[in-house]
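Written below as structure tokens is the structure these notes are about.
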Amino acid sequence: MRLLLVEDDALLNSRLRSDLERAGFAVDVAKNGVDAEFMGESEPYDVVILDLGLPNRSGLDVLRHWRAAGNSVPVLILTARDAWHEKVDGFKAGADDYLGKPFHVAELLARLQALLRRGVARPPGLLQAAGLELDEDTQTARLLTTGETFELTGTEFRLLRYFMRHPGQVLSKSRLAEHVYDFDAERDSNVLEVYINRLRRKFGRDLIATRRGQGYILGAGEG
Ligand code: CA
């Protein structure tokens, strides 16, 4: 999952970034409102954490511009503690959730997972698709037929999670790369193929089918 973190506090920024990366997000950081607005318009993020007090352009203005342009990316706003009016303004501008500062990272991660779950309209609980169950907390996958559990590397986890959130859909290499890697990562499509083959070796060749010239599809063999 690609995540845009918009926060001008350098300390909070670097701490959050590493926590989010450990949780399996590909993270880009914007430190002011103008950069944030541009990045949100030009990159296909799956979720955004948006601080409201920003240099150059306020978080509320950034959010209003995105929504006016039809960008419906899930947005969690960071508000000052006890500033109820910020929450009201945030929701009016199109926010999906909020968290007051200071906050516990565990709560932030739980709220992000809930937001992402809402986006694909699935019931609470572990993500299941194509005979696999993914545990996003431990970053492991379980084969439903045998109950065998497999550890995943960071990239394997990010890739499998994206596939499992879009089962039965043809996903192009460029779309996969956009959602699995952050802005600075080298997006080499041959590397992507290596990771897809690793997932096939772990979970069976039929897990991910290749559609020549189009991309890859998870669980195509299933009804
Ligand atoms: Ca701030």
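The values are calculated or read from the model by the stated rules, or taken from the named source; none is laboratory data. Keep in mind the model is a prediction, meaning the values are calculated, not measured. All Cβ positions, even for glycine, are placed from backbone atoms using ideal geometry, and neighbour counts span all protein chains on display. SASA here: full protein model, heavy atoms, side chains in, ligands and nucleic acids out. Shrake-Rupley method; radii C 1.70, N 1.55, O 1.52, S 1.80 Å.
Assorted remarks:
- Projected onto its three principal axes, the C-alpha set of the chain covers 52, 34, 31 Å, listed from the longest axis down.
- All other residues whose Cβ lies under 12 angstrom from that of ASP61 are scored, Lys and Arg at +1 and Asp and Glu at -1, for a net of +1.
- Area accessible to solvent at PHE38, 1.4 Å probe radius, in Å²: 130 Å²
- Here's the list of aspartates and glutamates a cross-link from LYS202 could span, going by alpha-carbon distance under 20 Å and ignoring same-chain residues fewer than 8 apart: GLU133, ASP135, GLU136, ASP137, GLU148, GLU151, GLU156, GLU193, GLU222.
- Using only side-chain charges placed at the Cβ, +1 for Lys and Arg and -1 for Asp and Glu, the dipole size of the stretch 127-218 relative to its Cα centre rounds to 520 debye.
- Amide H partners (placed H, <5 Å) of GLN169, local residues excluded: LEU218
- Cα-centre dipole for the stretch 2-119 with unit charges at Cβ (Lys and Arg positive, Asp and Glu negative), debye to 20: 280 debye
- Membrane-span-like helices of the chain, defined as complete DSSP H segments with a Cα extent of 15 Å or more along the helix axis and a mean Kyte hydropathy of at least -0.5, are identified as 105-119, 154-165, 189-203.
- Relative to the Cα centre, the charge distribution of the chain, modelled as +1 at Lys and Arg Cβ and -1 at Asp and Glu Cβ, gives a dipole magnitude of about 740 debye.
- The 1.4 Å probe gives accessible areas that order LYS87, LYS31, largest first, as LYS31, LYS87.
- Over all pairs of different C-alpha atoms in the stretch 36-136, the reciprocal of the mean inverse distance, the Kirkwood hydrodynamic radius, equals 14.7 Å.
- Reachable lysines, given that their alpha-carbon falls under 30 Å from the alpha-carbon of LYS31 and they are not under 8 places away in the same chain: LYS87, LYS92, LYS101, LYS173
- Solvent-accessible area assigned to carbon and sulfur over the chain amounts to 49 percent, based on a 1.4 Å probe.
- Burial ranking of peptide ranges 59-68, 8-17 (average Cβ count within 10 Å, highest at the top): 59-68, 8-17
- In the chain, a dipole from Cβ-located charges (positive for Lys and Arg, negative for Asp and Glu) runs towards its positive end, and of VAL34, LEU16, LEU109 it is LEU109 whose Cα lies farthest in that direction.
- Inter-part distance where the stretch 155-194 and the stretch 16-45 are each reduced to a Cα centre, Å: 17 Å
- Sum of -39500 (n - 2.57) over DSSP H runs of 4+, divided by residues of the chain (222 nm, nearest 500): -13000 deg cm²/dmol
- For the stretch 94-161, the list of trypsin sites (Lys or Arg not before Pro) that fall in a loop by DSSP and count at most 16 other C-beta atoms within 10 angstrom is empty.
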